[in-house]
1. Looking only at region A:328-355, count how many residues are within 24 Å of B:LEU183 (Cα to Cα) and not hydrophobic (A, V, I, L, M, F, W, C).
2. Please go through region A:232-241 and pick out each residue that is open to solvent by 10 Å² or more (accessible area, probe 1.4 Å) and either among the hydroxyl-bearing types (Ser, Thr, Tyr) or within 14 Å of chain B (Cβ to nearest Cβ) (or both).
3. Select, from B:ILE169, B:ILE201, B:ILE207, the only residue that is within 14 Å of chain A (Cβ to nearest Cβ), hydrophobic (A, V, I, L, M, F, W, C) and buried (at least 24 other Cβ atoms within 10 Å of the Cβ).
4. Could you pull out the residue among A:ASP83, A:ASP123, A:ASP133, A:ASP92 that is over 30 Å from A:HIS192 (Cβ atoms) and either open to solvent by 20 Å² or more (accessible area, probe 1.4 Å) or polar (S, T, N, Q) (or both)?
5. Considering (1) touching a helix residue (DSSP H, G or I) at 6+ places or on another chain (Cβ under 6 Å); (2) open to solvent by 10 Å² or more (accessible area, probe 1.4 Å); (3) more than 17 Å from B:THR163 (Cα to Cα), say which one B:GLU178 fails and leave the rest.
6. Quick one: how many residues across region A:247-274 are surrounded by 23 or more Cβ atoms within 10 Å (Cβ to Cβ) and in a helix (DSSP H, G or I)?
7. So which helices (runs of 4 or more DSSP H) stay within region A:136-223 end to end and still have 3 or more residues that are within 23 Å of A:THR21 (Cα to Cα)?
8. From the list A:VAL142, A:VAL113, A:VAL146, A:VAL124, which one is closer than 20 Å to A:SER222 by Cβ and of a type outside the set (D, E, K, R)?
There are 2 protein chains.
Amino acid sequence: MPSTPPPAPQTRPTTARRELTDSPYLAAARGGTPARLPVWFMRQAGRSLPEYRALREGTSMLDACFDPEMLAEITMQPVRRHDVDAAILFSDIVVPLKAAGVDIEIVPGTGPVVASPIRTAADVAALPELSPDQVGAVADGVRLLVERLGRTPLIGFAGAPFTLASYLIEGGPSRNHEHTKSLMHSEPEVWHALAGKLAKIARTFLIAQLDAGVDAVQLFDSWAGALSPRDYREFVLPHSTSVLGAVGEYGVPRTHFGVGTGELLTAMRDAGADVVGVDWRLPLDEAVRRLSTPDGPVPVVQGNLDPALLFASWPVIEAEVRRIADEGRTAGGHIVNLGHGVLPGTDPEVLTRVVRLVHELRP
Amino acid sequence: MPSTPPPAPQTRPTTARRELTDSPYLAAARGGTPARLPVWFMRQAGRSLPEYRALREGTSMLDACFDPEMLAEITMQPVRRHDVDAAILFSDIVVPLKAAGVDIEIVPGTGPVVASPIRTAADVAALPELSPDQVGAVADGVRLLVERLGRTPLIGFAGAPFTLASYLIEGGPSRNHEHTKSLMHSEPEVWHALAGKLAKIARTFLIAQLDAGVDAVQLFDSWAGALSPRDYREFVLPHSTSVLGAVGEYGVPRTHFGVGTGELLTAMRDAGADVVGVDWRLPLDEAVRRLSTPDGPVPVVQGNLDPALLFASWPVIEAEVRRIADEGRTAGGHIVNLGHGVLPGTDPEVLTRVVRLVHELRP
């Protein structure tokens, strides 16, 4: 792997970050005592909301992500509707790639599709870098949000190097990641060069958001669960570490999340996460046990309601939420969330009801 | 869950099972000492082989599964080509459903598609049972294979109740299984009635294969890894147990496998598996640790080469195979296999080379 240390932020923060000392989300994320049990939902800004579908009509996903007014409004919608404890910037994992000039589109029903998959050293060399001004529209959206959100913190968003690399190498979503895995093993120099460039892009993207005022960041490594712990530590961890490390000096909570990552939780913490997201395959108390170290603070976790269970009857959902809150009390801090994103067919009334229930529970 | 005990086999064995005392596969599966380290590949009979693609041309998947000559020939192809230590019956998870009269097709590029998804008590009541004569063509294929296979054992094949139920409830392949999970939680009686009927179908299917002469069985619960251990034990384990329990008196090794089941391994063993299949997300020595009990025999495992790594260069594959064989030596028996099925684009020469390498290694 490239041994260059993560660079210092390219610009000094230009927006004073809000003082949100009363934020339950930020208190829990820092291992403190929140006034109430905090809750938000991955993909809360999105297709489950009729007001989102109305606003997006006629606008492509990527166009929406580069329209400051639209991304700000979409980010606000679930905050207004559900009273969640955090907003998550409306964006997509491939936004910084698109901004840098990669020929990539999000095809409805398929996902990101890359015109020319990246599989050789020459392809990697030709991958453009990202300059902060190329994501100026996102930073503008963040500035609008910081004004409009009141006391609600805003979480910045980026995709992690492995997941970005998988899209670029496979050419789109992949179930088996065979080209990605075979490249990392067969041509490790090419792999590390690519992942290093993607880490730099992710750093630039997060720093642009931080400089514009986000109060926390979450690094999504959606596909990391496809890897063995051995491969994750050798091929992925150094690059995710360089992303999370580079934003450390901003002093905001850093969350790291992937699906099916029960075997990877400690490695994802070691990448520099203050908060580790857990999917529904592992009870939170077991996740806390795995993440605990003899000398460190009690781990802070986020999760882990199965998004599929939001389709069940209310008594089932209520029992699950109570169980998860109980199991989360073994953590040094617990932010209630789903174990993956809100599914498009989810009834938004159910989400609102979950928020109300969580807020009634003892933190 | 229904508390009826698994019924005795409906017919007595009609084919004397072959005496294959020298089979490395059977020796390892029984925790004995094989003459060589055994290896076979899930989906070894299938699209990676040009002779398979040629034979299947113009015949639908399900028609092939109900043609004794064709299924026997497809099952033989990888045995001839690769010198694997076991044949696996060429079939599909939905074959017994189709045989019973469920309106289900396998759509190329999509997977099984069910005409009328099953979501109510009335739907479950209307689900037909399977009688052994409805899978007579499969039994005929098994009888042909037992004659033709020489000293190579034949592994029988069935899909487990949860995976079958997911196809029926969702109407086809599903990433999130939201209808299935919501049904099992919201209407547990309907769920258990459905899973109980599917367990009976799987039992009948396996018993038909055993009566025709298969030497071992493998129960595939492809999607079980989508479940939390809690849900697996409550909603799935009783039904998989009734399938594996019902074939226990045949005295053949029973393997149970699912993808992404690192958290479920002990539960899958508790279902009655003699051999537990492990995907690539967990090293085999760690799987053996999880499966070990103070008083029981040392666990027998199958796996766990990542099928995506068959696309890497040979030195990478060789190192992985050697590592897996080393880690497998901590088990009471190890059958080398992939951690999931052979991917369609796999070079069959690579599979042959893996077999040759495994056979050179100390068992």
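1. Of the residues in that region, 12 qualify.
2. A:ARG233, A:GLU234, A:THR241, listed by residue number.
3. Exactly one residue qualifies, and that residue is B:ILE169.
4. A:ASP83
5. Failed condition: (3).
6. Within region A:247-274, residues that are surrounded by 23 or more Cβ atoms within 10 Å (Cβ to Cβ) and in a helix (DSSP H, G or I) number 2.
7. A:136-148, A:188-212
8. A:VAL113
The values are calculated or read from the model by the stated rules, or taken from the named source; none is laboratory data. Predicted, not measured: the structure shown is a model, and the values here were computed from it. Glycine also receives a Cβ, built like all others from the backbone with ideal geometry; neighbour counts cover every protein chain displayed. With ligands, DNA and RNA removed, areas are computed over all heavy atoms of the protein, side chains included. Shrake-Rupley method; radii C 1.70, N 1.55, O 1.52, S 1.80 Å.
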